[in-house]
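As structure tokens, the structure follows; a few thoughts come after it.
The values are calculated or read from the model by the stated rules, or taken from the named source; none is laboratory data. Keep in mind it's a predicted model, so treat the numbers as computed, not measured. Here Cβ is always computed from backbone atoms with ideal geometry, including for glycine, and neighbour counts include all displayed protein chains. Side chains are part of the model used for accessible areas, which takes the heavy atoms of the whole protein and leaves out ligands, DNA and RNA. Shrake-Rupley method; radii C 1.70, N 1.55, O 1.52, S 1.80 Å.
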Amino acid sequence: MDLPRIFVIRERNHRVHNPFTEQKLALLGDVIRLRPGQTMLDLACGSGEMLCTWSRDHGISGTGVDISTYFLGAARARAAELGVADRVAFVHDDAAGFVAPTPVDVAACIGATWIGDGVPGTLALLEQSLVPGGLLLVGEPYWRIDSPDQAVVEGCGFTSRDEFDDLPGLVESFGRLGWDVVEMVLADGDSWDRYAAAQWFSLRTWLDANPDDELAGEVRAELDTAPALYVRYRRRYLGWGVFVLKRR
Ligand SMILES: C[S@@+](CC[C@H](N)C(=O)[O-])C[C@H]1O[C@@H](n2cnc3c(N)ncnc32)[C@H](O)[C@@H]1O
């Protein structure tokens with residue numbers, strides 16, 4: 001069980017694998033008023049930047065779960081670098097169905113709601129690990145316009161408009177599921193660029209170093225098209241944010 005290699009080639013230099021800058025991640029940690037000693041579970045934690053920096057900045061402890069051995073290695077190295085290796089742990093496991101052995105104060109899934117087959121299932125999964133009254137964090141895309149046509153949907157890399165809601169629809173859906181939205185931090189064009197444009201540099205440096213690799217053709221093709229596709233579609237039409245929820 002591991003993440004396909006193309007994802008690592010694309011994002012091996014990212015610390016944050018979503019359209020947030022490190023500043024937005026820090027802002028999110030501030031606005032949810034973390035306190036020293038609080039505990040957190042991060043499902044599909046990627047390279048663990050959220051857990052590591054929030055442990056350093058707020059004194060929390062926690063566990064991250066991911067299928068990528070490469071990203072988990074980066075997470076453990078980052079924990080050591082920031083001096084928090086005694087407070088955060090990273091587990092190689094499938095996050096689908098993962099429940100913390102001891103309930104936590106904050107349970108998160110940032111940018112991977114497929115682990116619960118969509119938002120409702122992911123909230124239900126996370127809640128199984130949450131103390132009563134705890135905070136749930138979910139990172140999710142949304143359409144920035146009401147009714148994107150099929151060219152926009154496909155240009156953003158999806159097949160159906162129904163894969164996501166618009167922002168009002170997404171926020172209303174949390175209420176229907178019985179959660180109050182108590183905070184949110186949204187991506188913007190600049191923070192999207194740090195996620196998307198940073199991939200192109202990683203693709204190109206990898207291609208230069210590995211011209212004969214079996215994935216070289218795929219990487220070349222992606223580099224040929226990704227920048228223009230991104231500025232035409234995702235950067236304009238796809239929003240992304242982290243929503244902070246508390247059970248009603
Ligand atoms: C978009 S990245 C988000 C990573 C991290 N939450 C962040 O925001 O930096 C998605 C992550 O989900 C992980 N992933 C995908 N499927 C998974 C699964 N079934 N169980 C655990 N992790 C998974 C990938 O390895 C990747 O690290």
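Rank by packing, highest mean first: peptides 174-181, 5-12, with packing defined as the count of other Cβ atoms within 10 Å averaged across residues. Write out the running numbers ahead of the final one.
Numbers: 174-181: 13.9, 5-12: 17.4.
Ranked by mean Cβ neighbours within 10 Å, highest first: 5-12, 174-181.
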*Over its Cα atoms, what ratio of radius of gyration to 2.2 N^0.38 Å does the range 154-225 give?*
1.63
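Take the alpha carbon atoms of the chain, find their radius of gyration, then divide it by 2.2 N^0.38 Å using N residues; give the quotient. Intermediate values should be presented prior to the final figure.
Working: Rg = 17.9 Å, N = 248, 2.2 N^0.38 = 17.9 Å.
Normalised by 2.2 N^0.38 Å, the Cα Rg of the chain equals 1.00.
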*Would you please give the FRET efficiency between Asp208 and Lys246, computed as 1/(1 + (r/R0)^6) with r the Cβ-Cβ distance and R0 = 45 Å, to the nearest 0.05?*
0.40
*Please sort 152-163, 99-110, 216-227 by packing, taking for each peptide the average over its residues of neighbouring beta carbons within 10 angstrom, highest first.*
99-110, 152-163, 216-227
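Grab the beta carbon distance between Arg33 and Glu154, set R0 = 30 Å, and tell me the FRET efficiency rounded to 0.05. Mind showing how you got there, number by number?
Details: r = 41 Å, r/R0 = 1.36.
That gives a FRET efficiency of 0.15.
On full extension of the chain, what length is gained from Arg232 through Asp93, given 0.36 nm per residue of separation minus the C-alpha to C-alpha distance? Numbers along the way, then the final one.
Details: separation 139, 0.36 × 139 = 50.04 nm, distance 3.62 nm.
Here the answer is 46.4 nm.
Would you mind calculating the relative contact order of the chain from Cα pairs under 8 angstrom and at least 6 residues apart, reporting the percent as a whole number? Provide the component values of the computation, followed by the final result.
On the way: 443 pairs, mean separation 55.4, N = 248.
Reported relative contact order: 22 percent.
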*Is any residue of the range 1-29 close enough, with backbone N under 16 Å, to a label point placed 7 angstrom from the Cα of Asp188 along the Cα-Cβ axis, and if so, which?*
19-28
*With all protein chains present, how much of the accessible area of the range 70-113 (probe radius 1.4 Å) comes from carbon and sulfur, to the nearest whole percent?*
54
*Once amide H atoms are built 1.01 Å from N in the peptide plane, which residues 5 or more positions from Val104, or in another chain, come under 5 Å H to H?*
Leu130, Val131
*Kindly write out, for the range 90-106 in residue order, the coupling ³J(HN,Hα) from the Karplus curve 6.51 cos²θ - 1.76 cosθ + 1.60 (θ = phi - 60°), rounded to whole Hz, with x marking Gly and Pro.*
10, 10, 8, 6, 6, 6, 5, x, 6, 10, 5, x, 10, x, 10, 7, 9
*Where only C-alpha atoms are counted, convex hull volume of the range 44-83 per residue in Å³*: 49
*asked:* Output wanted: per-residue J couplings in Hz (rounded whole) for the range 7-15, from phi through Karplus 6.51 cos²θ - 1.76 cosθ + 1.60, θ = phi - 60°, x for Gly and Pro.
replied: 5, 6, 4, 6, 10, 5, 9, 7, 8
*Could you run the Karplus curve 6.51 cos²θ - 1.76 cosθ + 1.60 with θ = phi - 60° over the range 171-183 and give me ³J(HN,Hα) per residue in whole Hz, x for Gly and Pro?*
5, 4, 5, 4, x, 4, 7, x, 10, 7, 7, 9, 6
*Once the range 10-57 is represented by equal point scatterers at the alpha-carbon sites, with solvent omitted, what log10 I(q)/I(0) does the Debye formula produce at q = 0.16, 0.17, 0.27, 0.28 Å⁻¹?*
-0.45, -0.50, -1.17, -1.23
*asked:* Suppose all protein chains stay in the model; what accessible area per residue would a 1.4 Å probe give for the chain, in Å²?
replied: 47
_If you consider only alpha-carbon coordinates, what radius of gyration and Dmax does the range 110-248 have, in Å?_
17.6, 56
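When 1/r is averaged over all different Cα pairs and the result inverted, which Kirkwood radius in Å belongs to the range 64-146? All intermediate terms of the calculation are to be shown ahead of the outcome.
On the way: mean 1/r = 0.0714 Å⁻¹.
After inverting the pairwise mean of 1/r, the radius is 14.0 Å.
Multiply the residue gap between Leu177 and Ile145 by 0.36 nm, knock off their C-alpha separation, and tell me the result in nm, one decimal place. Kindly include the intermediate steps, with their values, before the conclusion.
Working: separation 32, 0.36 × 32 = 11.52 nm, distance 2.33 nm.
Length difference between fully extended and current span is 9.2 nm.
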